Amino acid sequence: MNIKGQTVAVLGGKTGLLGQSLCSAFAEAGAHPIALSSKDCDILDPQSVEEILNKEDPDILINAAAYTQVDLAEDEQEKAFALNATAPPLLATLAARRSIPFVHYSTDFVFKGDKTSPYTEYDETSAFSVYGISKADGERGLLKLGYERTLIIRISWLFGPGRINFVEKILNLCDTHNTLTVVEDQFGSPSYTPDIATGTIKLLKKDATGIFHLANSGQTSWHGLASMAATLAGKKNSVTPVSSSEYPTKAVRPRYSVLDISKYTRTTGMTPRRWEDALKEYVQNELGMHSEE
Ligand SMILES: NC(=O)c1ccc[n+]([C@@H]2O[C@H](COP(=O)([O-])OP(=O)(O)OC[C@H]3O[C@@H](n4cnc5c(N)ncnc54)[C@H](OP(=O)(O)O)[C@@H]3O)[C@@H](O)[C@H]2O)c1
């Protein structure tokens, strides 16, 4: 489809980490993004979403709203399932009534993490955490609904402008702690939200539907990501690797959740840049920090 001139309703677009980058990317592509927060409409209340859709009459509906607090979800199961599992099919139903594309995001945390090669769209989901299980349920609900203009994009390890994220947290900690300890035995694909946003537009331009994996190219551990961010920002702190057993968290995270993005590349003809290049742009251009050359 042609993106230029289209009105795009972005749930989570006002305050969300990804949602804000989506709005910027759609505006850049000549579309008219409508950034929506939970105050504008509550995705748990389809009528409030329908009212916004009636008012704005969008050509595309994007759901970048979700329950994203991975550890807290273990204690707030009901809320996590309501937002991540119940809401997406209700939103897709609203899009179906208007015959407009519906885009939804899922996560690498739907996988258990016991593979040693990148996860493809054809691998079975088998999450450990409430967050991962709720997101996998959301995917299943969408597939069961069967609205043919649904695009589900699984993404991973987001960093980017507009909202506090892992990279920014690490760089803030560098100002208050000489030594940081970061988990070294969980591997994934760090992804820059502006790259996920432009990748989404590329998939929409190809009228892609179904499940796609999308991330920056390459893989690393949380320790690798933190170390690289500190280096690019010119921080002299020591970043010490620890195993996840030394840093227990409430939710069990996958040890390995690298996403295979070859279906995305085959469909769009594009390979996302490496995560190190995207991180450099974020740390140095967006946050304005520099390494001493
Ligand atoms: N962050 C990551 O590393 C990561 C990794 C893999 C996948 N993902 C997936 O990517 C998507 C975007 O994640 P994100 O990190 O950008 O999320 P985020 O920054 O936590 O933003 C979530 C958004 O959801 C909105 N929201 C929450 N409850 C709502 C409700 N009842 N009605 C309407 N809006 C509501 C929030 O808006 P208000 O502030 O107005 O409440 C907020 O803007 C999610 O599907 C997530 O599962 C994220």
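Looking at segment 21-48 only, could you name the residues that are under 26 Å from ASN2 (Cβ atoms) and either among the acidic types (Asp, Glu) or within 8 Å of the ligand (Cβ to nearest atom) (or both)? Can you show your working first?
Here is the first cut: in segment 21-48, the ones under 26 Å from ASN2 (Cβ atoms) are 21-36.
Within segment 21-48, GLU28, LEU36 meet the criteria.
Kindly check whether there is at least one residue in segment 146-155 that is surrounded by fewer than 16 Cβ atoms within 10 Å (Cβ to Cβ) and within 25 Å of ALA64 (Cβ to Cβ). Write out each step before concluding.
Our first condition is that a residue be surrounded by fewer than 16 Cβ atoms within 10 Å (Cβ to Cβ); within segment 146-155, this holds for 146, 148.
Restricting the remaining residues to those that are within 25 Å of ALA64 (Cβ to Cβ) gives 146, 148.
Within segment 146-155, one or more residues are surrounded by fewer than 16 Cβ atoms within 10 Å (Cβ to Cβ) and within 25 Å of ALA64 (Cβ to Cβ).
Output the residues belonging to segment 51-63 that are within 13 Å of the ligand (Cβ to nearest atom) and in contact with a Ser or Thr (Cβ under 9 Å, 6 or more places away or on another chain).
Of everything in segment 51-63, just one residue is within 13 Å of the ligand (Cβ to nearest atom) and in contact with a Ser or Thr (Cβ under 9 Å, 6 or more places away or on another chain), namely ILE62.
How many of the residues in segment 232-250 are surrounded by fewer than 16 Cβ atoms within 10 Å (Cβ to Cβ), over 30 Å from VAL130 (Cα atoms) and either among the basic types (Lys, Arg) or within 26 Å of the chain's Cα centre (by Cα) (or both)?
So the answer is 1.
Name the pairs whose Cβ atoms lie under 6 Å apart, with the first residue in segment 221-246 and closer than 14 Å to VAL167 by Cβ, the second of a type in the set (A, V, I, L, M) and in a loop (DSSP other than H, G, I, E, B), and 6 or more positions between them or separate chains?
Once the first residue is closer than 14 Å to VAL167 by Cβ and sits in segment 221-246, its partners that are of a type in the set (A, V, I, L, M) and in a loop (DSSP other than H, G, I, E, B) give ALA233/MET289.
So is VAL182 touching a strand residue (DSSP E or B) at 6+ places or on another chain (Cβ under 7 Å), β-branched (Val, Ile, Thr), buried (at least 19 other Cβ atoms within 10 Å of the Cβ) and more than 18 Å from ASP108 (Cα to Cα) or not? Break it down stepwise before answering.
Numbers: touching a strand residue (DSSP E or B) at 6+ places or on another chain (Cβ under 7 Å): yes; β-branched (Val, Ile, Thr): yes; buried (at least 19 other Cβ atoms within 10 Å of the Cβ): yes; more than 18 Å from ASP108 (Cα to Cα): yes.
For VAL182, the condition - touching a strand residue (DSSP E or B) at 6+ places or on another chain (Cβ under 7 Å), β-branched (Val, Ile, Thr), buried (at least 19 other Cβ atoms within 10 Å of the Cβ) and more than 18 Å from ASP108 (Cα to Cα) - is met.
If THR93 meets every condition in (1) touching a residue at least 60 places away in the same chain (Cβ under 8 Å); (2) polar (S, T, N, Q); (3) surrounded by fewer than 20 Cβ atoms within 10 Å (Cβ to Cβ) apart from one, which number is that one?
Against the list (1) touching a residue at least 60 places away in the same chain (Cβ under 8 Å); (2) polar (S, T, N, Q); (3) surrounded by fewer than 20 Cβ atoms within 10 Å (Cβ to Cβ), THR93 comes up short only on (1).
Of a type outside the set (Val, Ile, Thr), without any contact (Cβ under 8 Å) to a residue 24 or more places away in the chain, surrounded by fewer than 20 Cβ atoms within 10 Å (Cβ to Cβ) and more than 16 Å from VAL8 (Cα to Cα), is that true of GLN47? Steps first, answer last, please.
Working: of a type outside the set (Val, Ile, Thr): yes; without any contact (Cβ under 8 Å) to a residue 24 or more places away in the chain: yes; surrounded by fewer than 20 Cβ atoms within 10 Å (Cβ to Cβ): yes; more than 16 Å from VAL8 (Cα to Cα): yes.
Here the answer is yes, as GLN47 does meet what is asked.
Report every pair of residues separated by at least 6 positions or lying on different chains whose Cβ atoms are under 9 Å apart, first residue within segment 116-143 and touching a residue at least 60 places away in the same chain (Cβ under 8 Å) and of a type in the set (Lys, Arg), second assigned to a helix (DSSP H, G or I) and surrounded by fewer than 21 Cβ atoms within 10 Å (Cβ to Cβ).
Close Cβ pairs (under 9 Å, with a partner that is assigned to a helix (DSSP H, G or I) and surrounded by fewer than 21 Cβ atoms within 10 Å (Cβ to Cβ)) amount to LYS135/ALA85.
Within segment 96-115, identify whether any single residue is of a type in the set (A, V, I, L, M), more than 11 Å from the ligand (Cβ to nearest atom) and within 24 Å of ILE60 (Cα to Cα), and answer yes or no. So that I can check it myself, show each step before the final result.
Step one: list which residues in segment 96-115 are of a type in the set (A, V, I, L, M), which gives 96, 100, 103, 110.
Keeping just the survivors that are more than 11 Å from the ligand (Cβ to nearest atom) gives 96, 100.
Now restrict to residues that are within 24 Å of ILE60 (Cα to Cα): 96, 100.
There is at least one residue in segment 96-115 that is of a type in the set (A, V, I, L, M), more than 11 Å from the ligand (Cβ to nearest atom) and within 24 Å of ILE60 (Cα to Cα).
For segment 147-257, give me every one of the strands (runs of 3 or more DSSP E) that falls completely inside it and has 3 or more residues that are at pLDDT below 95, over 20 Å from GLU286 (Cα atoms) and more than 14 Å from the ligand (Cβ to nearest atom). Can you show your working first?
On the way: elements: 150-155, 179-183, 210-213, 238-242.
Correct list: empty, since no element meets the threshold.
Output the residues belonging to segment 1-20 that are away from the ligand (no atom under 11 Å from the Cβ), among the small types (Gly, Ala, Ser) and under 26 Å from SER191 (Cβ atoms).
At the first step, the residues of segment 1-20 found to be away from the ligand (no atom under 11 Å from the Cβ) are 1-9.
Checking the rest, the ones that are also among the small types (Gly, Ala, Ser) come to 5, 9.
ALA9, the sole residue that qualifies.
For segment 258-293, what are the residues that are in a loop (DSSP other than H, G, I, E, B) and over 22 Å from ILE201 (Cβ atoms)?
Quick first cut of segment 258-293, residues in a loop (DSSP other than H, G, I, E, B) only: 258, 260-261, 269-273, 287-293.
Correct list: VAL258, LEU287, GLY288, MET289, HIS290, SER291, GLU292, GLU293.
Here are the criteria: (1) touching a residue at least 60 places away in the same chain (Cβ under 8 Å); (2) of a type in the set (A, V, I, L, M, F, W, C); (3) crowded, with 18+ Cβ neighbours inside 10 Å; (4) over 29 Å from SER134 (Cα atoms). Tell me which single one MET270 does not satisfy.
(3)
Can you find, within segment 91-132, the residue that is modelled with the lowest pLDDT among those that are over 18 Å from the mean Cα position of the chain (by Cα) and over 25 Å from GLY199 (Cα atoms)?
PHE128
The values are calculated or read from the model by the stated rules, or taken from the named source; none is laboratory data. Quick caveat: nothing in here was measured; it's all calculated off a predicted structure. All Cβ positions, even for glycine, are placed from backbone atoms using ideal geometry, and neighbour counts span all protein chains on display.
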